[in-house]
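Everything below concerns the one structure shown next.
Coordinate-derived values only; no laboratory data. None of the values given here were measured: they were computed from a predicted structure. Heads up, the Cβs are rebuilt from the backbone with ideal geometry, glycines too, and the neighbour counts pull from every protein chain shown.
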Amino acid sequence: MDTLSKQERLYKKKSIESLYAQGKSIKTPAIICLYHPSDEVSEFPVQALFTAPKRRFARAHDRNRIKRLVKEVYRKEKQPLYDHLNNKGEKLSLAFIFTGNRIPDYDYVEQKVKHLIKQLITVTNQEHSTHENT
């Protein structure tokens, strides 16, 4: 499952608004990941959104390059998160927001996204166990 199809991308306005309004965040120095449980009916456990701020990167080709890098790394590294969420029977909406000041290289983005995915697995595990205990 090394693709990132249309159904795996978060594009519905209501879903995006609820993610930004009610989502929780995990932060690394250059990328913030917002996550929120999803109600969307989809065959995939995660729907993701990728952004780079216009305020920091005025040129569209720079923003597109950053989003392309983050998408590519996520596409390659998403499988552990998918396996975890499928086992739990949960679905998530994610937003990866690049907050760095300069265009990153692939290795840097890979390190940050891997860390975020590990953190997401840990956090969803903790939230799932607290819901079971209450």
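The table that follows gives values for the structure above.
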quantity: Volume of the Cα convex hull of the chain, divided per residue and given in Å³; calculated: 112
quantity: Cα centroid separation, the stretch 20-63 to the stretch 111-126 (Å); calculated: 14
quantity: Cα long-axis angle, helix 79-88 against the chain (0 to 90 degrees, to the nearest 10); calculated: 20
quantity: Degrees separating the helix 60-77 axis from the principal Cα axis of the chain, which is the longest one; calculated: 40
quantity: Ranked T124, T99, criterion: other C-beta atoms within 10 Å, fewest first; calculated: T99, T124
quantity: Residue-wise HN-Hα coupling along the stretch 41-51, computed from phi with Karplus coefficients 6.51, -1.76, 1.60 (Hz; x: Gly, Pro); calculated: 8, 8, 6, 9, x, 9, 10, 10, 10, 10, 9
quantity: Simple spin-label estimate for D39 and N87 in nanometres, 7 Å along Cα-Cβ; calculated: 2.9
quantity: Two-site label geometry, I103 and S25: point separation in nm, points 7 Å out along Cα→Cβ; calculated: 2.6
quantity: Estimated vicinal HN-Hα couplings, Hz - the stretch 91-106 in sequence order (Karplus 6.51, -1.76, 1.60; Gly, Pro = x); calculated: 10, 10, 9, 10, 10, 9, 10, 7, 10, x, 9, 9, 5, x, 9, 4
quantity: Degrees, to the nearest 10: 13-22 long Cα axis against longest axis of the chain; calculated: 80
quantity: Relative contact order (percent, whole number), the chain, Cα cutoff 8 Å, 6+ residue spacing; calculated: 33
